[in-house]
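Let me begin by presenting the structure, written as structure tokens, before commenting on it.
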Amino acid sequence: MAGLTIDRVSKRFGDYEALSNVSINVADGEFLAVLGPSGCGKTTLLRMVAGFEKVTDGRIIIGGETMSTPERNLPPEKRRVGIVFQNYALWPHMTVAENVGYSLKVAKVSRAERDRRVAEALSLVNLTGYGDRRPANLSGGQRQRVALARCLVSAPSLVLFDEPLANLDVHLRAAMEDEFADFHKRTGTTIVYITHDQAEAMALADRIAVMDEGRLAQLAPPRELYREPANEMVASFISQGIILPADVLTAAEAGHCRVRVLGHEVLVRCRPDESPRAAAKLCCRSPELEAVGPSEDGIPVAIKRVVYQGGRARVELSPVERPDLNLHLEQADPVTLVAGVEARVRIRTGWLIPEARNAP
Amino acid sequence: MAGSIGGVRNSSDLVIPASIKRGFPSEWVLTGLVVAIVVILSILPMLRLVQEIIAPGGRLSIAAVEAGLSNPATWTATWHSLVVGFGGTALAVLFGTAVPILISLTDVRGRSAFVLCFVTPLMIAPQVTALAWLQLFGPASPLLKLLGIAPPLGSRNPLYSAQGIILLLGVQYGPLVFLMVRAGLRKLPRELVEAGLAGGASRWTVLRTIVLPLMTPSIIGASALVFVSCVGNFGIPAFLGIPANYLVLPTLIYQRLAGAGPSALAEVAFLSVLIGVIAMVGIVAQDIISRRRDYRIATTSLPVEPFELGRYRVLVEAIMWLIICAILVLPMLGLFLTSLVPGYGIPLSFKTVTLSNYSFVLFDHAAAKSAFFNSSVLSVAAAVFAVLVAVPLGYFIAWRTSWWSKVLNLTVELPYALPGVVLAIAALLMFLKPIPLIDLRIYNTVWIILYAYLARFMVLALRPTVSGFHQIDRSLEEAAQVAGAGFVMRLRTIIFPMVAPVAVAGGLLIFMTAFSELTVSALLWASGSETIGVVIFSFEQGGDSSYAAAISTMTVALTLLLMLASNFLARHLPNGVLPWRD
């Protein structure tokens with residue numbers, strides 16, 4: 001078992017900076033998800049941790065041992081990390097058992113011991129009896145489980161998952177998610193899990209690193225990421241946060257301050273060091289908005305679209321005075337809002353996005 | 001901003017341990033070995049050749065270049081080479097693309113037998129093909145005489161022409177395209193075709209817009225290989241062109257050397273550099289075209305469901321077997337019948353039929369006997385060696401793309417791009433004197449022929465191996481790497497088994513090509529190191545067509561037997577190892 005330290009790592013391909021100055025410290029036994037839209041550099045990060053790519057700057061330390069520096073790059077086969085690949089990467093010319101037992105064979109583990117551990121690994125992923133099959137004859141979920149068994153058979157100290165569920169159907173994803181969570185609980189292995197699916201990241205990870213254009217946008221536990229996004233990118237990326245312009249009226253007091261948003265004063269959550277400022281940004285989640293009656297005090301809005309989602313509806317709307325802003329909220333049955341009409345909406349609370357600062 | 005969020009520990013406790021070791025030593029040893037082999041097989045003979053044209057005897061002189069450029073024969077032969085090169089390639093690509101698509105994507109019956117027959121001409125040496133077709137159409141043709149439609153003795157054989165050369169080149173190399181396109185079709189996941197059909201495209205549209213574009217790397221790769229083969233072919237233009245005085249560069253070189261001996265070495269060296277340039281242009285063009293788009297197929301899936309031809313099936317099958325008759329059965333029949341007649345122009349009947357030609361070459365002729373042994377050992381050794389080198393070499397070329405891997409690729413192409421005559425001359429120049437330092441003399445032994453075969457045929461194993469690498473997802477190797485496997489281990493357990501089908505297919509091509517090879521051995525043989533090609537050529541030159549036909553028939557029969565016998569081994573091999581087997 002081992003922690004992972006990514007220390008001010010940058011990666012340039014020619015003129016293109018794929019990663020810039022990323023630092024992440026993953027504790028021993030932690031489950032870290034790396035989340036971001038495609039092209040944000042998350043796969044490059046994983047390949048550098050695995051040793052397939054060299055770092056341009058910074059260093060990578062696994063279990064206290066420096067693996068990558070710009071000058072030296074310990075090859076992947078010496079790192080003792082496991083990877084579960086997106087496309088499974090099972091060797092077509094080997095049986096399931098040979099695939100799983102490969103790393104043991106490489107390590108010259110005796111035949112009997114190897115068979116025992118392969119059988120054990122296969123039973124852990126519920127594939128007992130599949131040892132003689134060929135990967136080509138397995139379903140997608142079974143292939144993924146073989147890949148998982150192959151990875152855990154050598155008990156690596158650090159396991160990297162490269163979008164392992166991207167190729168599976170939704171039903172199977174939930175089952176595999178459970179399996180991954182179970183795997184983590186049972187083995188206590190440090191896991192770095194690359195994904196573009198936030199629900200997956202939220203469900204599995206202790207902490208999530210949100211990446212954006214090669215930079216680390218925020219590193220926090222799922223709840224904090226949702227409730228207290230550090231910047232606009234994270235606020236809007238996570239659960240489609242609503243970003244609204246606001247003026248801060250009072251200094252922070254007990255974690256709250258008063259802001260004026262769309263002409264209304266609201267008490268919102270904030271960092272303890274906030275002080276009055278103009279042109280701030282407020283992040284609201286849809287449960288923090290509520291439709292109010294026409295006589296009550298609220299922001300006049302135009303309803304643009306109502307999508308019924310079973311028991312509740314997602315309502316998309318814009319303030320009448322600011323049609324360029326897009327808001328959405330959820331209304332439980334009975335759904336009373338309809339597209340094309342005007343209504344009133346109240347902002348109950350929100351999170352004041354901290355002022356953008358230059359990197360120290 | 002980013003720096004503070006992660007909460008990285010104070011950097012003073014992160015000391016670089018001494019355990020980061022220097023790279024992978026076994027990988028460097030192997031790389032060095034592969035590069036050394038390429039240098040010895042490809043670069044040294046090329047350098048020796050260039051030295052011969054710019055500095056014969058050690059002194060700089062452009063006399064040979066000037067003489068070559070000012071000679072109108074040079075330009076005529078160059079033009080002829082381009083004509084038969086493009087003509088033969090076009091015909092081969094047309095044949096070699098249409099046929100695999102037809103048999104891979106439709107429900108025609110008798111597929112295995114057809115594939116076996118269609119690929120056979122490739123396994124037959126060009127000079128044997130030429131001999132067979134000449135025997136079929138010539139005025140002395142026993143077959144035409146049997147049918148009573150032979151032209152009168154002394155009339156001109158219609159194959160003595162540029163069209164004849166193009167036709168035979170197309171027949172000879174069509175299967176080469178076939179093999180590569182068929183290998184590509186095997187890997188075509190059926191979802192790609194079904195997605196097109198589901199999108200409302202007709203079968204033809206799917207073929208035109210999905211199947212053919214995905215086959216482009218195979219087709220382009222095959223085209224380049226066929227073009228290089230056509231331009232460098234010696235056997236066919238020698239048998240068909242020389243009598244019509246239609247000289248291409250390789251036959252011009254051969255004639256010059258045969259006429260003037262070693263004094264013409266500088267001149268033919270210039271001509272060979274010229275043909276090398278033509279071939280290189282073809283290869284570079286192939287490289288540029290295939291790099292324009294990404295055709296890699298990452299998914300593994302079931303093969304495409306065959307398209308039902310319905311009532312056209314019988315018609316298509318009939319056409320397929322007529323093609324086999326025309327390109328294989330009739331010429332081989334002509335060859336076989338010639339081997340049964342006692343002498344030139346004698347009609348075949350129950351009274352004249354004889355096996356004496358066979359008994360003579362098998363029992364009475366010492367050179368013919370040793371030739372069978374020499375050719376077998378030479379071709380097996382060349383094939384095995386080439387496959388073992390092609391896998392690591394292909395790995396560097398396909399997966400470690402850097403400037404030197406491209407140089408390696410071009411370097412290995414060179415000896416095959418040059419006509420065999422030229423490589424033979426380069427080998428002669430290199431080994432006329434004993435090898436310095438170790439004082440080993442391989443001139444006039446079978447070893448010089450082996451050297452030339454290795455240099456010349458390496459690319460036949462390398463090309464399919466490289467395209468095989470291009471179609472394998474590299475994460476398969478990376479998975480082995482994170483499992484702790486070092487380079488040599490990965491090469492042995494992951495990389496080699498995965499590219500084995502294509503590499504071994506390449507090795508088989510080498511065996512078949514080298515077995516009755518003529519061009520190189522004609523210039524390098526000595527008493528005791530005769531090859532089958534040399535013996536056939538000597539008989540034909542001496543007017544003993546029947547002896548030549550007898551040996552050729554046995555060569556063809558042995559080749560067919562080997563193909564059939566290897567089919568029995570096929571179930572122990574992964575799919576696709578034997579290209580002609582379905």
Angle between chain B longest axis and helix B:496-515 axis [Cα atoms, degrees, rounded to 10] = 20
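Fewest to most neighbouring Cβ within 10 Å: what's the order for A:Asp15, A:Asp178?
Details: A:Asp15 5, A:Asp178 12.
In order of increasing Cβ crowding within 10 Å: A:Asp15, A:Asp178.
What do you get for trypsin sites (Lys or Arg not before Pro) in the range B:380-475 restricted to DSSP loop and a cutoff of at most 12 other Cβ within 10 Å of the site's Cβ?
Values: sites: B:Arg400, B:Lys406, B:Arg441, B:Arg456, B:Arg474; in loops: B:Arg400, B:Arg441, B:Arg474.
Hits after loop and neighbour filter: B:Arg400.
How high is the FRET efficiency from A:Ala155 to A:Ser38, r the C-beta distance, R0 41 Å, rounded to 0.05? Walk me through the intermediate numbers first.
On the way: r = 32 Å, r/R0 = 0.78.
Calculated value: 0.80.
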Under 18 Å from a point 7 Å along the Cα-to-Cβ line of A:Lys304: which residues of the range A:174-206 have their amide N that close?
-> none
Sorted from fewest to most neighbouring beta carbons within 10 Å, what does the list B:Asp473, B:Asp107 look like?
-> B:Asp107, B:Asp473
Within the under-14-Å Cβ sphere about A:Ser139, not counting A:Ser139, Lys/Arg +1 and Asp/Glu -1 give a net charge of +4
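Stretched out fully, how many nm does the piece from A:Glu232 to A:Glu213 gain, at 0.36 nm a residue minus the Cα gap? Walk me through the numbers on the way to the answer.
Values: separation 19, 0.36 × 19 = 6.84 nm, distance 1.38 nm.
That works out to 5.5 nm of additional length.
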Can you tell me how much longer the chain between B:Val329 and B:Arg109 gets when fully stretched, taken as 0.36 nm per residue apart minus their C-alpha distance, in nm with one decimal?
-> 77.3 nm
Label-reachable residues, the range B:225-258, where backbone N falls under 17 Å from a point 7 Å from B:Asn71's Cα toward its Cβ = B:242, B:245-258
Find how much the distance from A:Ala356 to A:Thr56 grows on full extension, using 0.36 nm per residue of separation minus their present alpha carbon separation; answer in nm with one decimal.
-> 105.3 nm
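Summarise the partner chain shielding of A:78-91 as one whole number: the mean count of Cβ atoms from other chains within 10 Å of each residue's Cβ. Each step should come with its number before you reach the end.
On the way: counts 7, 3, 3, 2, 3, 6, 2, 6, 1, 6, 5, 9, 4, 8.
Mean shielding count: 5.
Within 10 Å of each Cβ in peptide A:19-28, how many partner chain Cβ atoms are there on average? Round it to a whole number, please. Working shown, then result.
On the way: counts 1, 1, 3, 4, 7, 5, 5, 1, 1, 0.
So the per-residue partner count for this stretch is 3.
Taking Cα pairs under 8 Å and at least six residues apart, what relative contact order does the range B:23-572 come out at, in percent?
Values: 778 pairs, mean separation 118.6, N = 550.
Computed value for the range B:23-572: 22 percent relative contact order.
What translational diffusion coefficient, to the nearest whole µm²/s, does the protein assembly as shown have by Stokes-Einstein, given a Kirkwood radius computed over alpha-carbon pairs, a temperature of 10 °C and 1.306 mPa s viscosity? Before the final figure, lay out each step's value.
Details: Rh = 32.8 Å.
Rounded to a whole number, D works out at 48 µm²/s.
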Chain B: angle of helix B:111-123 to the longest principal axis, Cα-based, in degrees nearest 10 | 70
Taking the DSSP beta bridges in the protein assembly as shown as the whole, what percent of them are antiparallel, to the nearest 5?
-> 75
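How high is the FRET efficiency from A:Ala332 to A:His171, r the C-beta distance, R0 30 Å, rounded to 0.05?
Values: r = 26 Å, r/R0 = 0.88.
Plugging the Cβ-Cβ distance into 1/(1 + (r/R0)^6) gives 0.70.
What relative contact order, as a whole-number percentage, does the range A:4-227 give when Cα pairs under 8 Å and 6 or more residues apart are counted?
Numbers: 439 pairs, mean separation 64.8, N = 224.
Relative contact order comes out at 29 percent.
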If we count every other residue with Cβ under 13 angstrom of B:Ala67's Cβ, Lys/Arg +1 and Asp/Glu -1, where does the sum land?
-> -1
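From Cα pairs below 8 angstrom and at least 6 apart in sequence, can you work out the relative contact order of the range A:169-305, rounded to a whole percent?
Values: 175 pairs, mean separation 20.1, N = 137.
Once divided by the residue count of the range A:169-305, the mean separation gives 15 percent.
So what is the 222 nm mean residue ellipticity for chain B from helices alone, if each DSSP H run of at least 4 adds -39500 (n - 2.57) and you divide by all residues, rounding to the nearest 500 deg cm²/dmol? Could you put the intermediate results ahead of the total?
On the way: 28 runs with 389 residues, N = 582.
For chain B, the value works out to -21500 deg cm²/dmol.
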Given the C-alpha centroids of the range A:136-208 and the range B:154-192, what is the distance between them in whole angstrom?
-> 50
Under a point spin-label approximation (7 Å from Cα along Cα-to-Cβ), what is the A:Thr187-A:Asp324 distance to one decimal in nm?
-> 5.1
Label-point separation (nm) for B:Trp321 and A:Arg133, each offset 7 Å from Cα along Cα-to-Cβ?
-> 4.2
Under a plain spin-label model, where a point goes 7 Å from the Cα along Cα-to-Cβ, how far apart in nm are B:Trp447 and B:Arg59?
-> 3.4
Residues in the range B:338-369 that a label on B:Ser527 would reach, taking backbone N under 15 Å of a point 7 Å out along Cα→Cβ = B:366-368
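Report the antiparallel proportion of the DSSP beta bridges in the range A:4-227 as a percent, rounded to a multiple of 5. Walk me through the numbers on the way to the answer.
Working: 21 of 39 bridges.
That works out to approximately 55 percent antiparallel.
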Residue exposure sequence - B:Trp79, B:Trp525, B:Trp403 - by fewest surrounding Cβ within 10 Å | B:Trp403, B:Trp79, B:Trp525
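Using only the Cα atoms of chain A, construct the convex hull and provide its projected area averaged over every direction, in square nanometres to one decimal. Walk me through the intermediate numbers first.
Details: hull surface 88.0 nm².
Result: a mean projected hull area of 22.0 nm².
Using a Förster radius of 60 Å, what is the FRET efficiency between A:Asp28 and A:Asp297 based on their Cβ-Cβ separation? Nearest 0.05, please.
Numbers: r = 52 Å, r/R0 = 0.87.
Once the sixth-power term is evaluated, E becomes 0.70.
Quick note: the coordinates plus some simple rules give every number you see, no bench work behind them. These numbers were taken from a predicted model, which means no experiment stands behind them. Note that each Cβ is placed from the backbone with ideal geometry, even for glycine, and that neighbours are counted across all protein chains shown.
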